[in-house]
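Please treat every number below as a calculation from the coordinates, not as lab data. Because the structure is predicted, anything quoted here is derived from the model rather than measured. FYI the Cβ positions are ideal-geometry reconstructions off the backbone, even for glycines, and counts take in every protein chain you see.
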Amino acid sequence: MTTSPRPPRPNPGDPAADRPHLPMRPLWGCGTCRAEWPCQSAQGALLIEYRDNLVALRVYLSALMAEADAHLSQVNRASDLYRRFISWAGGPAQR
């Protein structure tokens, strides 16, 4: 049985909890928490936003992953982009 991942619970003491966690291009770090984007907060927000259409979420993330790949290959930053952008997003292909 495949289940969708749960969005992380916000930490009420975290000042970044109320700010959007958006990518900083071209290095694809979170502009709020500085983790690799999509960070846990961004993942949670995206899962909530696309909760009724995980296929659309995976299409959106695939487009962003292609953009990140182009940017990161220019600065020689190897990364597991599938893990970062797609694997957590649920859907029928998730294992």
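Summary table
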| quantity | calculated |
| --- | --- |
| Per-region count, region 15-29, residues assigned to a loop (DSSP other than H, G, I, E, B) and under 19 Å from ALA70 (Cβ atoms) | 5 |
| Entirely in region 30-87, the helices (runs of 4 or more DSSP H) that have 1 or more residues that are closer than 13 Å to PRO20 by Cα | 40-49 |
| Where a residue in region 38-55 is hydrophobic (A, V, I, L, M, F, W, C) and its partner, wherever it lies, is part of a helix (DSSP H, G or I), with Cβ under 7 Å and at least six apart | LEU46/LEU57; LEU54/ALA89 |
